[in-house]
1. Would you mind checking which residues have amide H under 5 Å from residue 206's amide H? H placed 1.01 Å from N; only 5 or more apart, or other chain.
2. In sequence order, what are the phi-derived ³J(HN,Hα) couplings for the stretch 188-200 according to the Karplus relation 6.51 cos²θ - 1.76 cosθ + 1.60 with θ = phi - 60°, rounded to whole Hz, with x for glycine and proline?
3. Could you tell me which of rounded, prolate or oblate describes the stretch 91-163, using a ≥ b ≥ c as the square roots of the eigenvalues of the alpha-carbon gyration tensor, with rounded for a/c under 1.5 and, failing that, prolate when a/b is larger than b/c and oblate otherwise?
4. Obtain the nm distance between the two label points defined at residue 249 and residue 120 by a simple spin-label model: each point lies 7 Å from its Cα along the Cα-to-C-beta direction.
5. What is the distance in Å between the Cα centres of the stretch 90-156 and the stretch 204-278?
6. With θ taken as phi - 60° and the coefficients 6.51, -1.76 and 1.60, list the Karplus ³J(HN,Hα) couplings across the stretch 243-250 in order, rounded to whole Hz; mark glycine and proline as x.
7. Would you pull out the residues with amide H under 5 Å of residue 163's amide H, same chain only if 5 or more places away, H placed 1.01 Å from N?
8. Roughly speaking, what is the stretch gain from residue 271 to residue 109, that is 0.36 nm per residue apart minus the C-alpha to C-alpha distance, in nm to one decimal?
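The values are calculated or read from the model by the stated rules, or taken from the named source; none is laboratory data. All values reported here derive from a predicted model rather than from experimental measurement. With ideal geometry, Cβ positions are generated from the backbone for all residues, glycine too; neighbour counts draw on all protein chains shown. Accessible surface is based on the protein model in full, side chains and every heavy atom, while ligands, DNA and RNA are left aside. Shrake-Rupley method; radii C 1.70, N 1.55, O 1.52, S 1.80 Å.
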Amino acid sequence: MSLSREQMLVEMGVAPLWVLRDQAKPQAAGVAPEAPAVAPAVAPAVAAPAIDVEPPVRAPVQAPPLATPEAPRARPVMVAGSAIAVDALDWPELKAQVAGCRACGLCEQRRQAVFGVGDQNPDWLFIGEGPGADEDVQGEPFVGQAGKLLDNMLAALDISRGNKVYIANAVKCRPPGNRTPEAAEMAACWPYLERQIALLKPKIIVLLGKAAVHAVLHDDKSLASLRGKPFEYAGIPVVVTYHPAYLLRNLPDKSKAWEDLLLARRTLRERATPELPF
Ligand code: URA
Ligand code: SF4
């Protein structure tokens, strides 16, 4: 049985819920540990069973209408203190601008801005809150404990970071003490994320936790009330789910997060092949 298949059973709750695959292994400093662990799990042979095991999670009885929680905002294309219009930047220029950005106070204590990582032509875009201590050191999103859980979630979907997946954050610089980013900080950083989305053109966006929801959908309702419903941003379907760090503290909600990921996958497949009745 392939790793991915085992993982799937774990994720489905048949085996213990999401466990940290590398928990016992010390993490090599400066090395992102996820790629070797996840890469073998991606095998075309297991893609079909993944579809077969989907039915235990029930689709909503009636397809809810796409909810658009807000009217389109005026596009903030300038970052404070910068004379450069962010929406004119290509990928390398955007990356360079983020690396040197001082548009909000989070620049003061960061070691480095964390731009994002993954496939630049992705199906999936996962958006978290902001870098933590490990990410601040390594310069890559979700490389700490929450990141290991995220990698396991991706493996359960037969995807992995860098393979049809891009991972970014609502703010690019670590909030001191890992506090939640303030609304003003998310607003300052938004043009970068906005431009990343425009350039990446993902087919589905998964918002991990409240900060990401606030940044992209400008909705402050509880996560429990937002998850499980389809949203849209700039014509791209959006699914809301719990942040992996929250899931590490609230194990029973992992099954809900798994349902959300399956909703995202269904939505992606429906969009990819709209003529097929799912
Ligand atoms: N939590 C996040 O929201 N993002 C990261 O990159 C790491 C932890
Ligand atoms: Fe700039 Fe965003 Fe970092 Fe603030 S968090 S300094 S806006 S890159």
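1. For residue 206, whose amide H was placed from the backbone, the distant partners under 5 Å are 125, 126, 127, 239.
2. Going residue by residue, I get 5, 8, 3, x, 5, 5, 4, 5, 4, 5, 4, 7, 6 Hz, with x marking Gly and Pro.
3. Judged from the Cα gyration tensor, the stretch 91-163 comes out oblate (a/c at least 1.5, b/c at or above a/b).
4. 3.7 nm
5. Cα centroid to Cα centroid, the span is 19 Å.
6. Residue by residue, the stretch 243-250 yields 6, x, 5, 5, 5, 5, 9, 10 Hz.
7. Amide H to amide H, under 5 Å and 5 or more residues apart or across chains, residue 163 pairs with 119.
8. 54.2 nm
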